[in-house]
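Quick notes on the structure that follows.
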Amino acid sequence: MKYGVSGGRRQPKPLLEVRDITARFGGVVALDQVSFDVAPGEICGLIGPNGAGKTTLFNCLSRLYASHSGEIRFAGQALGALPQHRMAGLGIGRTFQNLALFRTLTVRQNIAVGTTCRRGTGWLAHALRLPAVAREELAQAARVDELIDLLHLGDVADAPAGELPFGTQKRVELARALASSPRLLLLDEPACGLNHQEVDELAFLIRTLRRRFALTVLLVEHHMGLVMALSDNIVALNFGRKVAEGLPAEVRRDPELVKAYLGESAAFNQRELAL
Amino acid sequence: MPRHLFPAVLLAIACALPFALPSYAVFEATLVITYAVALLGLNLLTGFNGQISLGHGAFFALGAYAAAMLMEHAGWPYWATPPVAALLGGTLGWLFGKPALKLDGVYLALATFALGVATPQLLKYKGLETWTGGSQGLVLIKPDAPFGLPLDADQWLYFFCLAVAAALFAAVHNLLRGGIGLNVMAVRDHPIAAQAMGVDNARIKTLAFGVSALCTSVGGALSAIVVQFVAPDSFSIFLSITLLVGAVVGGLSSLQGAVYGALFIQFVPRVAEQVSKSAPWAVYGAILIVLVLLWPTGAAGGIRHLKNRFIARSKP
Amino acid sequence: QKKYDPGASDTEIRIGQTMAYSGAASIYGEVGKTQAAYFRMVNDQGGFNGRKLNFISLDDGYSPPKTVEGVRRLVEQEQVLLLYGMFGTATNTAVHRYANAKKVPHLLLLTGASKWNDPQRHPWSMSFYPDYPSEARVYARHILEHKPTAKIGILYQNDDYGRDYLRGFKEGLGARAKSMIVSEASYEVTDPTVDSQIVQLRGAGADVLVSFSTAKAAIQTLRRVHDTGWKPTHYLAQGAALIGAVFNPAGPEKAIGVISTAYSKDPNDPQWENDAAFREWLAFMKKYRPEADLRLGSHVYAYSSAKLMVDILRACGDNLTRENVLRQAASIKAVQLPMFLPGVVVSSSPDDYRLIKSLQPVVFDGKRWNRLGEFVSIF
Amino acid sequence: MNTLLPQLAAGLATGGIYASLALALVMVYRSTHHVNFAQGEMAMFCTFIASLLIESGWPYWAAFFATVALAFTLGAAIESVLIRRLRHAPVLSIVVVFVALLVILHSIAGWLFGYAIRSFPSPFPQTGAAGALLSAHQLGAVGMTFAMLLVVYLFFRHSPLGLQMRATAENPVSSRLVGVRVDRMLALGWGFAGSIGAVAGMMIAPVVFLDVHMMSGVLVYAFAAAVLGGIGSAPGAVVGGFIVGVLENLVGTYVVGAELKLTVALVLIIAVLVARPNGLFGKAVVVRV
Amino acid sequence: MSDVLLDVRGLEAGYGNSRVLFGIDLEVPAAGVTALLGANGAGKTTTLRALCGLVRRHGRVTFAGKRIDTLATENIVRLGVAHVPDGRGTFAGLSTEENLHMGACTRTDKAGVREDFERLYEYFPRLKERRHQQAGTLSGGEQQMLAIARALMLRPRLLLMDEPSFGLAPNVVQDIFRIMRRVRDEQRVAILLVEQNAGLALDLADTAYLLETGRIVLHGPAAAVRNNEAVHAAYLGGDIA
Ligand SMILES: Nc1ncnc2c1ncn2[C@@H]1O[C@H](COP(=O)(O)OP(=O)(O)OP(=O)(O)O)[C@@H](O)[C@H]1O
Ligand SMILES: Nc1ncnc2c1ncn2[C@@H]1O[C@H](COP(=O)(O)OP(=O)(O)OP(=O)(O)O)[C@@H](O)[C@H]1O
Ligand SMILES: CC(C)C[C@H](N)C(=O)O
Ligand SMILES: [Mg+2]
Ligand SMILES: [Mg+2]
């Protein structure tokens, strides 16, 4: 808990408030009356068995699923009525569980797309290439370069994203999400497919990013080592319902969760991170 | 190679061309330009934005008729008609893009196909006959070179079309190389991710449709001015299909591709006819298949590939 | 005294054409092929005055912009002396002004629209096909005479062909058009069937059916009308009133009683079997178009048209200027073409470009055409 | 005379025609995920061959089945000689190849068979049902369409081969990884589609008469029908066919007149699709992120 | 040790113009588990793809004494090689159950297939619950279970597993490893395992190979590899136990 903003969620104003979110697909209730808060600056772990509804929750937060009941507030603003593409502008960035890169675009271009919501010039200005456009592009290029450096993507910056190894693609996604300068970052299984050392680096990276960009992070992950090491607070889902919430140390001992999710002996097969 | 060298060389050659060619060939070259402008639009939509259109002939027709009717009924000078065609095409394309938002894949293909199929019928429609000339169409007059320029009518029209085309190519090039271009392609590659990154998919797609239709309309207007005739039979679904074929064979997602595609549209049927009188379209089809097998990503893709290979080989 | 314009020389005469070898009207491509065959025959027989005919026929796919391209290529690059026998109204319209501005003869067009007979404004263009509106007026007059109480249903092709007929027909009926025509239905060439139109016309209570259609729709109409047991008096545009190409596929018994007009000999009509001109035509076809389908009506037309063209050029003698070609074309004096019905003469004068001046109303009896009264002159 | 009933009947009859070709489109879509624009011309070509066989004295049904077999071979051959080489090409390149096939078949047919319009026999009795709403052939053709629908439906729903074909279309790599002979599946899919098309052609030809342009009009409607039904759904294609046939006639007769009937019918179809973007019977394949 | 089921010599592979594997030698014994470790982008996935003929490859690969390096993918599979591909390879438009049927599409023993259905539904109750659901709508982990189950439906002799624990909850990961142990012991299936959770993989494996940028840099008995310093630091973390 060295860097954790413990007690952050008891601050009067949470950054993200999730209230009674329910999502259904035909007969499947993917989310059932889920409520929780995320304080500014917090890293909140979201865990639960496969099919518990974690990704669905992310999709509700980024409004990919428009029809759900309940309310989501971000920085005090209700998201219900806003179109999906406004989320990035409001400060919600995300990565995807199954890679969702622009496969034919280069890494640099992928990241540049992330800066869309910070752009002010329109079609006509672009077609005529007004000076404002050039200025903007300069600023955008600087931001992209910064992220490329930060995420060690220099070697592949001009390669088409679709041809990169899995782990690299995940990093590109992260860079792309950061390019919009989000306040809240939604990470869906960022450690998936990484080896031990890479997970270590990821943990370090997430902390660095949080500090550097004053991020709040909602982290979905099955890698318990990573979740436990990073999270200030954990929300556990099962069958679409919230089954536990609290500090990592408390949640990991929750008997129901151990049974449904962590498995016997709660042996984190992914060992604890050396942080 | 410097960035602007290629277009600059191309432009220089293009400017020299009409003085080296007989007037019939100049006329043909002008038609190539008009097709290139039309394909530019289709390429933007289908290549860069991933929205398939089997009906772009409709926008070509729109531009052509807009130009023809303004000249015939309102007495407008020819040079004033392309902007109007652009405005009309852009607006109608944008409007058509709205319902098209809901559709993709074959469903969008059908919707655009319907547009292409309906075009000749609408042009023939009795209620509009006084303006469109019905199935007889409208015959126009060929303009002469202004300001006493020492050019014949064909040469002058060539330069006129070339100027319009250069302006449009430059504008589309600008559009696509910046952030908007990235958005346009992002929507094609992964619409969901694009949306999450703050791209307003609906806006991008409708505007892409609008700009695309704008270019194709201007291409149509130029073609009407050059051919000096419009009739419903010129704008059958076959035109739309031809445009798509040109765009694909030329190379989608490449502005050069529009030029190669235009050359294909203009010259390959002729070559086919020379090879076989009895079944020219079988020859055309065979050429098409060979080209696609050879260059699955179009001539532009093939040429890029060759260039890369050459560069790779010339490096030690 | 030899005089030449581009395309003519001591050894050859260049003739240009664009034709619908492909596209929706590709059936007319046969006309171009037979014309080419005729010119080949003339060359085989030594040409005339020491000159060979060089016939350049390009495909325009029945698309006007392609026609413009083709014609400009013919005139500017191939340097033809004249344009001959080009097919289609829209396609010819596209080059109408060009040909007249360039003063290139634009002769014996395969389209019957009335605009081609305009020697004052467009002296260089001349058609060889019977004028559509005039033919339609023949039917109108026939109905007025024989069935003044008719309730008329009209089926027409929705293009300049069908509409030109429709206009002429209504003019022919005059004031009575409104009361006599109970229903009009159009179809597109691309429509798979005309069933719906037939139902509509029949439903309107028509007892006279007038079809201004082309072959395919005509066949479907005959069959459908017969199958549903409707028995109207059926008038059919002469372009589609063909025994071999239309009545036989539909079943000739279904066409009994069809009224049309004729100006040439239907090669599938048994009454010409021993006709000398027919036999000559057949021999020509066998030799120069062995692969051709003789059921099609277009070969006779093509043969007659090509013959007339050669006659015109012959009449030019050694003065092969464009102006002289036009002058000869505009002063044809009562020629009887072998495959035309006896009595149908072709003539022209500088202020009358309509070459075919009379039509014979005919009725089909299930086997052959029978004359229905006298020739009717069309104006 | 009331025309509503005859118009409905005529619409259903033409609808059946559209449906039969639409089924062939569905067949090839289901097994390859492509809409084969050359399907109509393939059918036309095969119908010409059937016509030649019958003219040379073959009994109808012998010619029928020989043609079906030949169409199967033609379809499978086109797949394995040509389409196979384009497996990694972009979709639109393949669409262009379909266009190429269309013009090639059309052009060669014109060259081989000429442009004369021919009659084509119907296997159904020529009852002189004068005044009846539908002729025996039309009824028979509709029946044939339903029979083909049943076969296609059962094939994809309940046969292991059908399942493998669907899987192949959807994900060829995964199909290989479970041991499916993907090349064979694709060739079979094309073959079956070719056969269905040939049957469609032989049912259509007695109505519209046989010539090289026979399918150009029909294809537009068949495409609309297949998409309206939800491309990939066999029942959808048939329902779509009937809807298109009837809609077109009713619009033509009672709403705008024949001139604009196709236009208006297409606008209505697109309106339906905007409300139901996967067609009437199609289901959306959800892509999760 | 039992005899070699899969024998790989000098395997090279790549995409387009770029080479990824530079001569790999590898042996997988029958009824044994062989682990293949390597960093991100080392070429593990490419190795498995090359074995199955999904990418262009050269070299000598024998399976049960038969050369398979020239065979087409489907024919390799039909010899009894199942592959859990990376990215799962779900047939998104088919139902869960149809996906499983596809796994068994080359089998002719109906009764055996039925039995395996029961067994796999027992292994993965979640899939049974979701069996009529369109597979593309399953959650990531559910799809991963499906990929594993589908491969097992083949009743393979060799199982190529590309990160089987990918996206699975910790308890399911444990289940998967239990299942692998069972199929190895009960059905005598050989397994070539690519897995980022090196601790678990090395527990299960008899032998292990370490891949670095397309070359095998280390191989030996699993225990020995586990104790290698470099492996330990990168794949296991902490000090040598
Ligand atoms: N579009 C949909 N249609 C039907 N069911 C759905 C849909 N989306 C999600 N589900 C179901 O909802 C449940 C929750 O899915 P979700 O992807 O949110 O799980 P998850 O917690 O992210 O799981 P994992 O850890 O495996 O990624 C799953 O059982 C899934 O099958
Ligand atoms: N489709 C492709 N096209 C081009 N290059 C590719 C493609 N797939 C992989 N590569 C390249 O091949 C190399 C090896 O990739 P591979 O996927 O085999 O690695 P891996 O060891 O499985 O890594 P990971 O841990 O990310 O799964 C990488 O450098 C990658 O860029
Ligand atoms: C019968 C044909 C000569 C008519 C043709 N459709 C035309 O355009 O005029
Ligand atoms: Mg998930
Ligand atoms: Mg991998």
Rounded, prolate or oblate for chain D? Axes are the square roots of the Cα gyration tensor eigenvalues, ordered a ≥ b ≥ c, and the cut-off for rounded is a/c under 1.5. oblate
Chain E - accessible surface per residue (Å², probe 1.4 Å): 37 Å²
If you take the beta carbon distance between residue E:118 and residue A:259 as r and set R0 to 25 Å, what does 1/(1 + (r/R0)^6) give as a FRET efficiency, to the nearest 0.05? 0.55
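Counting pairs of alpha carbon atoms under 8 Å apart in space and at least six apart in sequence, what relative contact order in percent does the range B:3-237 give?
Working: 363 pairs, mean separation 101.2, N = 235.
After rounding, I find 43 percent.
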In whole percent, and with a 1.4 Å probe on the protein chains, what portion of the accessible area of the range D:133-236 is carbon and sulfur? 73 percent
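Which percent of the accessible heavy-atom area of the range E:106-223 goes to carbon and sulfur, probe 1.4 angstrom? Can you show the working numbers first?
Working: 2100 of 4290 Å².
Ligands and nucleic acids excluded, carbon and sulfur reach 49 percent.
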For the Cα atoms of chain A, what angle does the longest principal axis make with the long axis of helix A:131-150, in degrees from 0 to 90, nearest 10? 40 degrees
Qualifying lysines (Cα of each under 21 Å from Cα of residue A:259; at least 8 residues distant if same chain): A:54, A:242, E:128
When only Cα pairs under 8 Å and 6 or more residues apart are kept, what is the percent relative contact order across chain C? 16 percent
List every DSSP H helix in chain B whose Cα atoms extend 18 Å or more along the helix's own long axis and whose mean Kyte-Doolittle hydropathy is at least -0.5. B:5-20, B:23-42, B:57-73, B:81-100, B:106-124, B:153-177, B:201-227, B:237-250, B:255-275, B:280-294, B:298-314
If one compares the long axis through the Cα atoms of helix E:140-152 with the longest principal axis of the Cα atoms of chain E, the angle in degrees, nearest 10, works out at 90 degrees
Report, in whole Å, the centroid distance computed from the Cα atoms of the range B:75-129 and the range B:152-204. 18 Å
Percent carbon-and-sulfur accessible area, chain B, ignoring ligands, DNA and RNA, probe 1.4 Å: 70 percent
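Given C:3/C:286; C:178/D:261; C:265/C:357; C:115/C:170; B:142/C:216; C:3/C:333, which pairs have Cα atoms separated by over 27 Å? Numbers along the way, then the final one.
Details: C:3/C:286 37 Å; C:178/D:261 24 Å; C:265/C:357 16 Å; C:115/C:170 18 Å; B:142/C:216 38 Å; C:3/C:333 24 Å.
Long pairs (Cα-Cα over 27 Å): C:3/C:286; B:142/C:216.
Of all the stretches in chain D, which is the longest one without any exposed loop site, taking trypsin sites (Lys or Arg not before Pro) in a DSSP loop (any state but H, G, I, E, B) with at most 15 other Cβ atoms within 10 Å? It would help to have the intermediate numbers written out before the result.
On the way: sites that count: D:87, D:283.
With a cap of 15 other Cβ atoms within 10 Å, the longest stretch comes to D:88-282.
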In nm, to one decimal, how far is the modelled label at residue D:66 from the one at residue A:212, with both set 7 Å along Cα→Cβ? 7.7 nm
Interface size between chain B and chain C, please: total buried accessible area, 1.4 Å probe, rounded to the nearest 100 Å². 2600 Å²
Once all protein chains are kept in place, residue C:325 shows an accessible area at probe 1.4 Å, nearest 10 Å², of 0 Å²
Most to least accessible of B:124, C:333 (protein chains only, probe 1.4 Å): C:333, B:124
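Helix hunt in chain C: which complete DSSP H runs extend at least 24 Å axially by C-alpha with mean Kyte-Doolittle at least -1.0?
Numbers: long enough: C:298-316 (27 Å, 0.54).
Passing helices, by number: C:298-316.
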Give me the lysines in straight-line cross-link reach of residue B:205: C-alpha distance below 29 Å, same-chain residues under 8 apart excluded. A:170, B:98, B:102, D:283
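Which loop-located trypsin sites (Lys or Arg not before Pro) does the range E:29-78 contain, where loop means any DSSP state but H, G, I, E or B and the Cβ has at most 15 other Cβ atoms within 10 Å? Intermediate values should be presented prior to the final figure.
Details: sites: E:44, E:49, E:56, E:57, E:60, E:66, E:67, E:78; in loops: E:56.
Here the trypsin sites (Lys or Arg not before Pro) that fit, given the DSSP loop and packing criteria, are E:56.
Just in the range B:123-195: which chymotrypsin sites (Phe, Trp or Tyr not before Pro) are loop by DSSP and have at most 15 other Cβ atoms within 10 Å? Before the final figure, lay out each step's value.
Numbers: sites: B:125, B:131, B:147, B:156, B:158, B:159, B:160, B:169; in loops: B:125, B:147.
Passing sites in the range B:123-195 are B:147.
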Tell me, how many Å apart are the Cα centres for the range A:25-61 and for the range B:1-49? 55 Å
For the pair residue B:267 and residue A:128, the simple spin-label estimate (label points 7 Å beyond Cα toward Cβ) gives in nm 3.8 nm
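Sort B:225, B:13, D:104 from largest to smallest accessible area, using a 1.4 Å probe on the heavy atoms of the protein chains. Don't skip to the answer; put the middle values down first.
Numbers: B:225 0, B:13 95, D:104 30 Å².
Largest to smallest exposure gives the sequence B:13, D:104, B:225.
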Alpha carbon centroid spacing (whole Å) that separates the range D:224-289 from the range C:130-171: 37 Å
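Please give the length that would be gained between residue B:163 and residue B:294 if that part of the chain were fully extended, namely 0.36 nm times their separation in residues minus their C-alpha to C-alpha distance (nm, one decimal). Present the calculation step by step, with values, prior to reporting the outcome.
Values: separation 131, 0.36 × 131 = 47.16 nm, distance 3.32 nm.
That pair, residue B:163 and residue B:294, stretches by 43.8 nm at full extension.
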R0 of 41 Å, Cβ-Cβ distance residue B:73-residue C:141: FRET efficiency to nearest 0.05: 0.65
Accessible-area loss of at least 20 Å² in the complex relative to the chain alone (1.4 Å probe) applies, within the range C:289-325, to C:293, C:295, C:296
Take the alpha carbon gyration tensor of the range B:3-237, find the square roots of its eigenvalues, order them as a ≥ b ≥ c, and report rounded if a/c is under 1.5; if not, report prolate when a/b exceeds b/c, else oblate. oblate
Say a paramagnetic label sat at a point 7 Å from the Cα of residue D:5, along Cα to Cβ; which residues of the range C:186-205 have their backbone N under 19 Å from it? C:196-205
Rounded to the nearest 100 Å², what is the buried accessible area between E and D, both sides summed, probe 1.4 Å? 2100 Å²
For residue B:124, give me every one of the aspartates and glutamates with a C-alpha distance below 20 angstrom, ignoring sequence neighbours fewer than eight places off in its own chain. B:72, B:233, C:159, C:160, C:164, C:184, C:188, C:191, D:248, D:259
What is the spread of the Cα atoms of the protein assembly as shown along each of their three principal axes, largest first, in whole Å? 116, 76, 61
Two pseudo-spin positions, 7 Å from Cα along C-beta at residue B:170 and at residue E:187, lie apart in nanometres by 6.8 nm
Expected output for the range C:63-90, residues with a loss of 30 Å² or more in accessible area relative to the chain alone at probe 1.4 Å, reads C:64, C:65, C:66, C:68, C:69, C:72, C:73, C:76, C:77, C:90
Please list A:256, C:78 from largest to smallest accessible area, probe radius 1.4 Å, with all protein chains kept in place. A:256, C:78
Förster radius 56 Å - calculated FRET efficiency between residue C:375 and residue D:173 (Cβ-Cβ, nearest 0.05): 0.15
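To the nearest 20 debye, what charge dipole does the range A:104-181 have about its Cα centre, counting +1 at the Cβ of each Lys and Arg and -1 at the Cβ of each Asp and Glu?
It comes to approximately 300 debye.
The values are calculated or read from the model by the stated rules, or taken from the named source; none is laboratory data. The model shown is predicted, which means the values in this text are computed figures rather than measured ones. For neighbour counting, all protein chains shown are included, and Cβ atoms are generated from backbone atoms with ideal geometry for every residue, glycine included. We work out accessible area using only protein heavy atoms, side chains counted, and drop any ligands, DNA or RNA first. Shrake-Rupley method; radii C 1.70, N 1.55, O 1.52, S 1.80 Å.
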